[in-house]
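Beneath this line is the structure, given in structure tokens, with notes to follow.
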Amino acid sequence: MANAIFPDLRGRTVLVTGGGQGIGAAIVRLFAEQGSKVGFIDIAAKVSQALADELNKAGGTVLFKQADITDIDALKDAIADISAKLGAITVLINNAAHDQRHKFFEVTPDYFDDRIAVNLKHAFFAAQAAIPDMIAAGGGSIVNLGSGSWLMGSEDLTAYATAKSAAYGLTRVLAGEFGKDNIRVNCVIPGWIMTERQIALWVDAKGEEAIFRNQALKRKMLPEDVAKAVLFLASDQASGMTNQQIVVDGGWI
Ligand SMILES: NC(=O)c1ccc[n+]([C@@H]2O[C@H](COP(=O)([O-])OP(=O)(O)OC[C@H]3O[C@@H](n4cnc5c(N)ncnc54)[C@H](O)[C@@H]3O)[C@@H](O)[C@H]2O)c1
């Protein structure tokens, strides 16, 4: 099936965090397919560089910067470099996260801080770094990736889910604060998406049974299902939409 074309995304500078694998990689691919200039940040150098090389070879404009997004100075340096090389960032996709499982009673204050750092804090500071570009350009669009884990009560993810619930809070406060600057901010909540990591670690026979029992759509959700919603929200086709949360989960929640 051919994907929709959003003419306004052609030539736009898009920043994606965690774009090397999973949903982020699908987002990077689809923006590159639109002719956007895509800068993405990831900690995983090998797969990320391979993705950028593949898309550039196919005619795209894709720049990978390696950084640990929990190091806010490194994150800001990478964002500044992407803006300097590709032009003013007018689309920001806050996607990076890490869903390591943890037992509630074993969570220490340091581990909790670490989960907040990898699942939330960077999204705030990426917005802080990119919004001046958007204001100067006359507007922009931010999409924060949330999670259904805090709505569904997923097991062994209390600190992760607590951090991810704030993706919606961050969406609401930024949308309110920067609507006057023509910056739209929305949140996409993926359901259980079949990324390489999910398949390798958690999609067993019990998991598959849960998918087909709980989802209204009787098929596995793919990274592209989420990426398509992200592109729509980033584009001018969603010109009146801000402050919203959209669920892409095949009808689970
Ligand atoms: N896959 C799902 O089922 C699912 C469900 C709900 C929400 N989500 C959300 O969707 C988004 C994407 O998730 P995913 O499943 O594709 O994740 P993933 O683990 O497959 O990919 C995450 C990417 O972020 C990168 N990353 C992780 N830690 C980093 C760090 N410290 N610095 C820089 N990069 C780092 C990883 O290298 C990887 O490329 C996340 O915000 C996640 O919370 C995913």
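Taking segment 102-115 as the range and being within 19 Å of Ala74 (Cβ to Cβ) and surrounded by fewer than 16 Cβ atoms within 10 Å (Cβ to Cβ) as the test, only Asp113 passes.
Remark: pairs (first residue in segment 92-110, farther than 30 Å from Gly139 by Cβ; second residue open to solvent by less than 80 Å² (accessible area, probe 1.4 Å) and aliphatic (A, V, I, L, M); Cβ separation under 7 Å; 6+ apart in sequence or on different chains) = His98/Val118; Asp99/Leu157; Arg101/Leu157; His102/Ala159; Val107/Ala159.
In segment 14-29, which residues are surrounded by fewer than 20 Cβ atoms within 10 Å (Cβ to Cβ) and away from the ligand (no atom under 12 Å from the Cβ)? Quick ask: steps written out before the conclusion?
So in segment 14-29, the residues surrounded by fewer than 20 Cβ atoms within 10 Å (Cβ to Cβ) come out as 21.
Result: no residue meets the conditions.
Here is the figure for segment 197-250: residues that are surrounded by 13 or more Cβ atoms within 10 Å (Cβ to Cβ) and not in a helix (DSSP H, G or I) total 17.
Return yes or no: is Lys180 without any contact (Cβ under 8 Å) to a residue 60 or more places away in the chain and assigned to a helix (DSSP H, G or I)?
On the way: without any contact (Cβ under 8 Å) to a residue 60 or more places away in the chain: yes; assigned to a helix (DSSP H, G or I): yes.
Criteria met by Lys180.
A single entry from Ala126, Ala78, Ala97 fulfils the requirement of being within 16 Å of the ligand (Cβ to nearest atom), surrounded by 14 or more Cβ atoms within 10 Å (Cβ to Cβ) and either at pLDDT below 95 or not in a helix (DSSP H, G or I) (or both): Ala97. Among what's in segment 145-172 and is assigned to a loop (DSSP other than H, G, I, E, B) and touching a Lys or Arg at 6+ places or on another chain (Cβ under 6 Å), pick the residue that is farthest from the ligand (Cβ to nearest atom). The selected residue is Asp156. Tallying residues that are of a type outside the set (A, V, I, L, M) and touching a residue at least 60 places away in the same chain (Cβ under 8 Å) within segment 1-16 yields 5. Just to be sure before I move on: is Lys164 surrounded by fewer than 17 Cβ atoms within 10 Å (Cβ to Cβ) and modelled with pLDDT of 95 or more in the structure I sent? No. Would segment 189-196 turn up any residue that is open to solvent by 20 Å² or more (accessible area, probe 1.4 Å) and over 16 Å from His98 (Cα atoms)? No - not one qualifying residue is present in segment 189-196. Scanning segment 36-49 for residues that are in a helix (DSSP H, G or I) and crowded, with 23+ Cβ neighbours inside 10 Å turns up at least one hit.
Of all residues in segment 1-13, which are in contact with a strand residue (DSSP E or B) (Cβ under 6 Å, 6 or more places away or on another chain) and open to solvent by 10 Å² or more (accessible area, probe 1.4 Å)? The one that is in contact with a strand residue (DSSP E or B) (Cβ under 6 Å, 6 or more places away or on another chain) and open to solvent by 10 Å² or more (accessible area, probe 1.4 Å): Arg12.
Residue count for segment 53-74 under the criterion of being open to solvent by less than 60 Å² (accessible area, probe 1.4 Å), touching a residue at least 24 places away in the same chain (Cβ under 8 Å) and either in a strand (DSSP E or B) or more than 7 Å from the ligand (Cβ to nearest atom) (or both): the result is 7.
Run Ala32 past the list (1) assigned to a helix (DSSP H, G or I); (2) surrounded by fewer than 22 Cβ atoms within 10 Å (Cβ to Cβ); (3) not polar (S, T, N, Q) and report the number of the one that doesn't hold. Failed condition: (2).
The values are calculated or read from the model by the stated rules, or taken from the named source; none is laboratory data. Please read these numbers as outputs of a predicted model, since none were measured by experiment. Here the Cβ is made from the backbone with ideal geometry for all residues, glycine too, and neighbour counts use every protein chain on show. These area figures cover heavy atoms from the full protein model, side chains too; ligands, DNA and RNA do not enter into them. Shrake-Rupley method; radii C 1.70, N 1.55, O 1.52, S 1.80 Å.
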